[in-house]
1. I want to verify the translational diffusion coefficient of region 84-130 in µm²/s; compute it with Stokes-Einstein, Rh as the Kirkwood radius over Cα pairs, at 25 °C and 0.890 mPa s.
2. Expressed as a whole number of Å, what is the distance separating the alpha-carbon centroids of region 110-176 and region 256-270?
3. Around Ser10, under 13 Å between beta carbons, what's the net of Lys plus Arg minus Asp minus Glu among the other residues?
4. Using the Karplus curve 6.51 cos²θ - 1.76 cosθ + 1.60 with θ = phi - 60°, work out ³J(HN,Hα) for each residue of region 152-160 in order, rounded to whole Hz, and write x for Gly and Pro.
5. Counting other beta carbons within 10 Å of each Cβ, put His169, His75 in order, fewest first.
6. Could you check the simple spin-label distance between Ser34 and Val58, using points 7 Å along Cα→Cβ, in nm with one decimal?
7. Do any trypsin sites (Lys or Arg not before Pro) in region 1-100 lie in a loop, going by DSSP, with at most 12 other beta-carbon atoms within 10 Å of their beta carbon, and if so which?
8. Which listed residue (Met278, Asn191, Val155) has the Cα farthest towards the positive end of the charge dipole for region 2-285, taking +1 on Lys and Arg C-beta and -1 on Asp and Glu C-beta about the Cα centre?
Amino acid sequence: MKVKLLAFDSMGVRSTATVVYAGGLRVFVDPGISYAPRRYGLPPHRLELERVRELKRVIYEEAYKADVIVISHYHYDHYDPQADFYEGKILVIKHPERNINISQRIRAAKFLKHKISLPEKIYYADNLLLEVGSLRLKFSQPVPHGPEGSKLGYVVMTLIDDGNYKVLHTSDTQGPISESVVEIIAGMKPNMIIDCGPPTYFEGYRVSSSDIERAINNIIKLLSIPSLETLIIDHHTLRDLNYKHRLEKVFIKARELGKRVLTAAEYMGKPIEQLEAMRRSLWQNLK
Ligand SMILES: [Zn+2]
Ligand SMILES: [Zn+2]
């Protein structure tokens, strides 16, 4: 099995685009990409927009070659409603009507009505077990987009199992913040978790300190899952320049247990470039 982390916040964009090659198949989870319209009261810097364009090209190249495309929920950093790469693919999408908030329900309906390329088959991901060739794709029940009862609705987590190794993409569960999601993840016995991390940069503003604290404690619980070897932390957490300090307890526990915790950029051997979090200095220094 080969895991390719194509575009993530540690690479300077908002995305969790992941391709897994296994059993002769390519599974693409969340082929979306975006940027923060405002950060520190500032619009995106030229470098951020260039990076979005660059990584969007990479996403398209990989998506055209994919056999299965998964959409965990309908936020633009996770799906691309304008794309023409769904044609002939197995498309697995978060249920467009159940366990979904109003804005995403509207987006999902539009997406399904106006798809510009026609998938071969569409499945609803919620609680689905799908066997494609020798691969088992297991999708979680809908789980909260962050805290229980979040206004942002629900996401679906994707487990890709080739019989030897299991990779889990947790989508925007944010740590997870919700305790019940930890139980679900532990039951899946993943070897690798791609974790979107808590939005520490929103602490005390859009997310409470107690939710952040719970998310960090929950990540530590994930490290204790016996099968787990590698934990990727990225997305929301990499919008905080201080993320290493914020996750100090996680890194200490990982060292203690001999488990690997790293960002998507590090996993792919690239430099960490938190362009969104650096936006203020980008505008000051690099006009
Ligand atoms: Zn989201
Ligand atoms: Zn997201």
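1. Values: Rh = 11.3 Å.
The Stokes-Einstein estimate is 218 µm²/s.
2. Each part reduced to its Cα centre gives a spacing of 23 Å.
3. Values: positive: Arg14, Arg51, Arg239, Lys244, Lys270; negative: Asp9, Asp195, Asp234, Asp240, Glu266, Glu273, Glu276.
Here the charged neighbours net out to -2.
4. 3J(HN,Hα) across region 152-160, in whole Hz: 7, x, 10, 10, 10, 8, 10, 10, 10.
5. Values: His169 27, His75 21.
The most exposed by this proxy come first: His75, His169.
6. Using points 7 Å along Cα→Cβ, the separation is 2.1 nm.
7. Numbers: sites: Lys2, Lys4, Arg14, Arg26, Arg38, Arg39, Arg46, Arg51, Arg53, Lys56, Arg57, Lys65, Lys89, Lys94, Arg98; in loops: Arg38, Lys89, Lys94, Arg98.
Sites meeting the loop and neighbour criteria: Arg38, Arg98.
8. Met278
Throughout, read-outs are computed from the coordinates displayed, never taken from laboratory work. Everything numeric here is computed off the predicted structure, so don't read it as measured data. Cβ: placed from backbone, ideal geometry, glycine included. Neighbour counts: every protein chain shown.
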